[in-house]
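Below: the structure, in structure tokens.
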Ligand SMILES: Cc1cc2nc3c(=O)[nH]c(=O)nc-3n(C[C@H](O)[C@H](O)[C@H](O)COP(=O)(O)O)c2cc1C
Ligand code: SF4
Ligand code: SF4
Ligand code: SF4
Ligand code: FES
Ligand code: FES
């Protein structure tokens with residue numbers, strides 16, 4: 001068991017000595033995105049190659065969590081971020097692995113694997129030079145992509161568990177004061193002051209007390225929490241142990257959905273190791289403090305991310321919310337005082353204890369302190385995971401870090417806050433991103449999904465998408481949400497199918513407000529947001545669907561038709577090869593024609609044609 | 001459906017027979033049978049001394065649990081926001097057409113069950129399809145046949 005800073009440091013220096021003996025370190029991203037693009041084959045190819053060269057014990061090859069630049073995965077980084085290779089093994093795995101080995105042996109940088117920017121001919125060698133990385137401030141993610149998450153010594157070598165030791169020698173109120181003064185607000189969506197919540201829970205009557213982490217992440221299109229749990233699980237455990245000590249809890253749970261098997265695996269391993277080293281369990285670090293953490297695997301219901309539903313779920317019941325006339329800090333899990341925070345909130349805690357609340361307080365905007373992790377996805381060039389100081393503008397995120405819109409199409413909107421959030425149009429791109437500004441625009445910070453939409457995204461269809469999601473995910477306990485959201489979906493679906501009528505928009509607004517006011521939990525209370533915000537900023541698109549039976553973005557299938565323009569068609573046959581129903585006919589070098597009766601309007605021909613000959617109208 | 005009561009006992013004991021781990025027990029049972037058989041629900045409810053309705057409530061509430069048998073391979077088509085925007089519905093349409101089944105259904109030969117998920121966490125590769133452990137990123141409607149073929153190799157179709 002480790003009981004002192006000195007012992008922590010000796011583990012750290014010993015580990016550093018061990019790694020310093022290697023000639024080189026190679027970090028291969030094995031986050032979910034890169035694994036999907038084939039990172040594991042790169043890892044196997046590289047380790048086998050190094051063995052063949054007799055270099056196996058000279059080079060340390062690490063499997064790390066997400067580096068952020070998922071769109072360009074698999075990502076491989078050398079040394080202390082000296083060289084970054086992207087799309088490794090995508091085209092030719094053997095040649096790329098040979099390049100990796102050549103980089104190690106001859107320090108030869110492989111041009112073809114470097115990141116290419118917007119500027120012609122410019123290649124970036126170090127990730128620090130790439131705008132995607134240089135524009136970020138990485139705190140929570142600082143070790144994501146650097147650590148082997150399955151090795152606790154790596155975390156300790158980076159100063160891990162030092163904050164826990166420090167906190168255990170502070171008084172609980174001192175810790176709570178620090179967290180409160182830092183200005184940390186919950187990263188799970190609501191933005192509630194963390195220190196205030198901890199204090200209420202500490203003061204609540206009842207024993208035992210529970211400290212929980214919310215790693216449910218039900219938002220479609222968001223993967224921040226997942227990447228954190230997979231990439232740096234110890235940071236979450238350390239934060240929870242500090243919180244538990246401050247609040248006076250002896251037992252905690254991390255709620256992770258069963259669909260995140262890698263996160264469950266990494267967290268379980270981390271818990272086991274933390275117990276071995278005396279960071280969890282009985283008599284933590286020899287201070288007499290007992291706290292342990294177990295994992296609870298959720299069942300993939302969005303509503304289970306809501307605090308009271310999550311608690312019901314851990315109690316072994318269906319995950320239905322209950323009304324909050326008593327607060328969970330007073331009566332939560334098994335009716336005992338319970339403190340729930342999002343996993344990213346927990347991962348911020350060790351940094352605040354380590355560097356002080358003044359440091360934390362100095363980043364961010366006046367009422368939203370610190371940094372926030374976002375998953376930047378959709379029609380943006382550099383999709384991936386980013387961490388930025390709060391107060392940065394949407395434009396900086398989308399254009400400087402994200403590299404702008406894919407295919408240089410026109411930006412239309414950015415959706416934040418998931419199903420509880422809304423769409424923000426171009427005129428507000430200069431808005432700072434923080435809890436309060438986004439709420440003012442009828443959207444939300446949410447847990448950090450940021451979805452970029454371009455001219456080929458139909459806002460009415462997006463509203464329908466979220467409504468459909470919410471109809472399926474509503475637990476059905478209260479009528480306004482169960483029936484009201486369903487009704488909204490029916491209306492929007494009708495509009496998308498070309499059967500909208502005058503008055504629909506007003507009806508939606510009225511219904512939306514009623515649902516917001518009368519639903520039991522946050523799901524229903526925010527369910528109308530995606531519709532209300534698209535009506536607010538994109539009303540003309542609703543009008544086009546309703547009055548002109550036209551879908552300006554060319555998405556709503558009942559309102560569009562695919563056509564090949566004979567003047568532009570070169571007869572290259574690409575479209576015919578892509579058409580899933582084989583309804584495009586034409587000779588090589590001859591004009592192609594679509595059999596309208598069989599066309600499913602999937603748009604594959606439009607995407608395939610390089611001559612702009614396919615027209616959607 | 002015949003269930004192996006010894007194995008069910010093992011699963012229940014793994015969680016010390018505590019009803020608060022009902023969901024975890026059913027998840028383990030599903031790993032065993034690839035769905036949750038009715039008989040298993042009855043067995044667990046009996047062992048834990050809880051009303052059958054309570055046990056059913058949990059099984060039916062969580063989407064991750066299935067009450068109907070599943071095919072050999074489960075095709076997960078991502079319907080998350082990122083995948084939706086990049087054409088996920090067209091991918092789903094193509095699977096429905098090629099496999100002649102709807103979402104949640106299993107093909108007649110028992111080879112494939114078609115499911116949707118709300119995000120697989122690799123949104124940069126949207127639209128994404130996962131079959132068993134294998135991910136297919138940036139899929140196109142035309143590429144669906146190939147994915148199906150990869151998993152039906154040698155099997156009578
Ligand atoms: C329908 C619904 C879903 C939610 N899903 C999540 C989630 O997946 N993860 C999360 O951390 N918080 C989620 N929340 C917010 C939680 O209820 C809770 O506010 C949060 O976990 C508290 O942690 P924080 O103070 O650190 O943000 C959700 C809320 C609602 C109403
Ligand atoms: S608002 Fe919706 S999800 Fe929340 S309790 Fe009511 S029905 Fe259930
Ligand atoms: S839209 Fe799809 S189905 Fe219709 S012609 Fe084009 S590729 Fe074929
Ligand atoms: S891809 Fe375009 S140019 Fe080629 S045959 Fe099809 S419509 Fe004509
Ligand atoms: S998963 Fe590799 S960069 Fe995100
Ligand atoms: S939205 Fe499909 S993987 Fe995330």
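The values are calculated or read from the model by the stated rules, or taken from the named source; none is laboratory data. These numbers come from a predicted model, not from an experiment. Reconstructed Cβ throughout: ideal geometry from the backbone, glycine too, with neighbour counts over all protein chains shown.
Farther than 30 Å from residue A:422 by Cβ, within 16 Å of ligand 6 (Cβ to nearest atom), free of Cβ contacts under 8 Å to residues at least 60 places away in the same chain and in a helix (DSSP H, G or I) - does that describe any residue in segment A:191-201? No, there is no match, as no residue in segment A:191-201 is farther than 30 Å from residue A:422 by Cβ, within 16 Å of ligand 6 (Cβ to nearest atom), free of Cβ contacts under 8 Å to residues at least 60 places away in the same chain and in a helix (DSSP H, G or I). Screening residue B:25 with (1) surrounded by fewer than 20 Cβ atoms within 10 Å (Cβ to Cβ); (2) touching a helix residue (DSSP H, G or I) at 6+ places or on another chain (Cβ under 8 Å) gives one miss only, at (1). Of the helices (runs of 4 or more DSSP H) that lie entirely inside segment A:507-617, those containing 3 or more residues that are within 16 Å of ligand 3 (Cβ to nearest atom) span A:574-578, A:604-608.
Select from segment B:121-144 the residues that are surrounded by fewer than 24 Cβ atoms within 10 Å (Cβ to Cβ), at the interface with another protein chain (Cβ under 7 Å from one of its Cβ atoms) and more than 16 Å from ligand 4 (Cβ to nearest atom) and list them in ascending order. Listed by number, the residues that qualify are B:135, B:137.
Quick grid of which residues meet (1) under 28 Å from the mean Cα position of the chain (by Cα); (2) more than 14 Å from chain B (Cβ to nearest Cβ); (3) within 16 Å of ligand 5 (Cβ to nearest atom); (4) in contact (Cβ under 8 Å) with a residue 24 or more places away in the chain:
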site	(1), (2), (3), (4)
A:519	yes, yes, no, yes
A:528	yes, yes, no, yes
A:534	yes, no, no, yes
A:538	yes, yes, no, yes
A:563	no, yes, no, yes
A:575	no, no, no, yes
A:581	no, no, no, no
A:589	no, yes, no, no
A:597	no, yes, no, no
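Per the conditions (1) buried (at least 23 other Cβ atoms within 10 Å of the Cβ); (2) within 16 Å of ligand 2 (Cβ to nearest atom); (3) not in a helix (DSSP H, G or I), the sole criterion not satisfied by residue A:309 is (3). In segment B:56-67, the qualifying residues are those that are more than 9 Å from the chain's Cα centre (by Cα) and touching a residue at least 12 places away in the same chain (Cβ under 8 Å), and the one that is farthest from the other protein chains (Cβ to nearest Cβ) is B:67. Tell me, yes or no, whether segment A:78-101 has at least one residue that is modelled with pLDDT of 95 or more, farther than 30 Å from residue A:350 by Cα, assigned to a strand (DSSP E or B) and over 20 Å from the mean Cα position of the chain (by Cα). Yes, the conditions are met somewhere in segment A:78-101. A count restricted to segment A:448-457 and to residues that are touching a helix residue (DSSP H, G or I) at 6+ places or on another chain (Cβ under 7 Å) and outside any strand (DSSP E or B) stands at 2. Candidates are the residues of segment B:68-120 that are part of a loop (DSSP other than H, G, I, E, B), in contact with a strand residue (DSSP E or B) (Cβ under 6 Å, 6 or more places away or on another chain) and within 13 Å of another protein chain (Cβ to nearest Cβ); the one that is nearest to residue A:415 (Cα to Cα) is B:79.
As an exercise: evaluate residue A:472 against (1) buried (at least 22 other Cβ atoms within 10 Å of the Cβ); (2) within 16 Å of ligand 6 (Cβ to nearest atom) and give the number of the one condition it does not meet. Just one mismatch for residue A:472, condition (1). Look through segment B:51-67, keep the residues that are crowded, with 16+ Cβ neighbours inside 10 Å and not in a helix (DSSP H, G or I), and return whichever of them is farthest from ligand 1 (Cβ to nearest atom). Only one residue fits best here, namely B:66.
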